[in-house]
Amino acid sequence: MATHVKPSIDAGHLASRFADVRALTLALAAPLSDADATVQSMEDASPAKWHLAHTAWFFETFVLRDHVAGYELFDADWPFLFNSYYEAEGERHSRARRGMITRPMLDQVRAYRHHVDDALIAALPNLDNRARDLVELGLHHEQQHQELLLMDIQHLFAQNPLEPALFDAAPAGLSEMPGPLDWIEGHVGEAEIGCDDAVGGSAFAFDCEGPRHKVYLNPHGLADRLITNGEWIEFIEAGGYANHEHWLMEGWAWVQENRIEAPEYWRKGEDGDWYRVGLAGRQPIDRAAPVCHISYYEAAAYADWTGFRLPTEAEWEVAAGDIDPDGGNQLDGAGDARTLPAPGSEGLKQMFGDVWEWSGSAYQPHPGFRSAEGAVGEYNGKFMVGQYVLKGACCATPRGHSRASYRNFFYPHMRWQFAGLRLARDL
Ligand SMILES: [Fe+2]
């Protein structure tokens, strides 16, 4: 049980953030046709229409239904469609068949969102702290789905031989090659990681980020920047995908079964050069930009090839403690989807932006972790098996959503998320 009393969340501030977050989701989906928003390209990805409805379902279920007397569901049949994985909420539509939901149509889903928005804004001033905490949780949940929506649309569009673009191309450029890796020595000895604030308050954190606890760090260094596409091409050309030597056994099997020879979304043009497809359609590979859309298996193989390793979650989090989590290349609005390194600075660069960074740490409960009470306790804890932690933020992460204790997580073969790597070394 928490022993401190949290201040109440200001209703006006919460209402204004609610309006902003909900509007960004609609803006991200605005260029989509009903067909774009309905198709599901793989089981791990969801249709945009489903993201739009599911994020409304979250507020409707956990705030309006449970905390607002007299609220009537927009449609009593829809929770079956738009519950994601909450066993406590009962039976639900198959995740693999979300793309079959051609009805309701996109406009009806938008009407659902308006209905929920109006009811929630009207109810907000009278909600107690527990319900306001759930609104706060719902906003962070929706921001996670904004990134998922972009990931899933990118994956869907990449299946189309016409290589369509969702947004105009990012401004050309960058491309001054960064210098050789510089190593920044990390803290040695006892340190603390994790965040104690559960839901709510000005310092929001998901339950899996706590409790704050002690760790011990051995002498180590972190690379001052991310690994670039240019460096990844060297790995490819050195036979990185053709030689089992640097791969984990599972990773090598995955390479062979799936004939992996480059990051996701990389293709070879008629001229023999690599290009990539993305939210801006077909683009040349920018050698100076961080490599993106690699699996844990690939990150681990690359690290082994260089003779170094991936950072542990604790090494990364302690090093990030003094860095502004909102200062990197992150999502500021619709149409802003780039993967370019942040401007150079002294010390550790690109910690909160560009790409999520694979850590070498499994997604395990922090010592003393307990899931939140109620159905929302299913949010994180039940996924703590077989996955790895990714730290930081990426170019598709909405600005304001990040912090050092944040724990993103994916299975080691997954790579449709914006994931890259930073090396670490023992000293
Ligand atoms: Fe969700």
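The values are calculated or read from the model by the stated rules, or taken from the named source; none is laboratory data. What you are looking at is a predicted structure, and each value in this text was computed from that prediction instead of being measured. Quick reminder, even Gly has a Cβ in these numbers, built from the backbone with ideal geometry, and neighbours come from all protein chains shown.
Data for the structure
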item: Residue among Leu26, Leu32, Leu52 that is outside any loop (DSSP other than H, G, I, E, B) and either away from the ligand (no atom under 15 Å from the Cβ) or more than 20 Å from Arg103 (Cα to Cα) (or both); result: Leu26
item: Condition check for Arg103: more than 19 Å from Glu142 (Cβ to Cβ) and out of contact with any strand residue (DSSP E or B) (no Cβ under 9 Å at 6 or more places or on another chain); result: yes
item: Some residue of region 136-156 being surrounded by 15 or more Cβ atoms within 10 Å (Cβ to Cβ), touching a residue at least 24 places away in the same chain (Cβ under 8 Å) and over 21 Å from the mean Cα position of the chain (by Cα); result: no
item: Any strands (runs of 3 or more DSSP E) falling wholly within region 200-302 and containing at least 1 residues that are more than 24 Å from Met351 (Cβ to Cβ) and more than 21 Å from the chain's Cα centre (by Cα); result: 266-268, 274-278, 281-284
item: Condition broken by Phe59, with the remaining ones in (1) within 24 Å of the chain's Cα centre (by Cα); (2) over 30 Å from Gly353 (Cα atoms); (3) within 13 Å of the ligand (Cβ to nearest atom) satisfied; result: (2)
item: Test: residue in region 256-263 that is crowded, with 18+ Cβ neighbours inside 10 Å, in contact (Cβ under 8 Å) with a residue 24 or more places away in the chain, more than 30 Å from Ile184 (Cα to Cα) and in the same structural domain as Gly420 (by TED's automatic domain parsing); result: yes
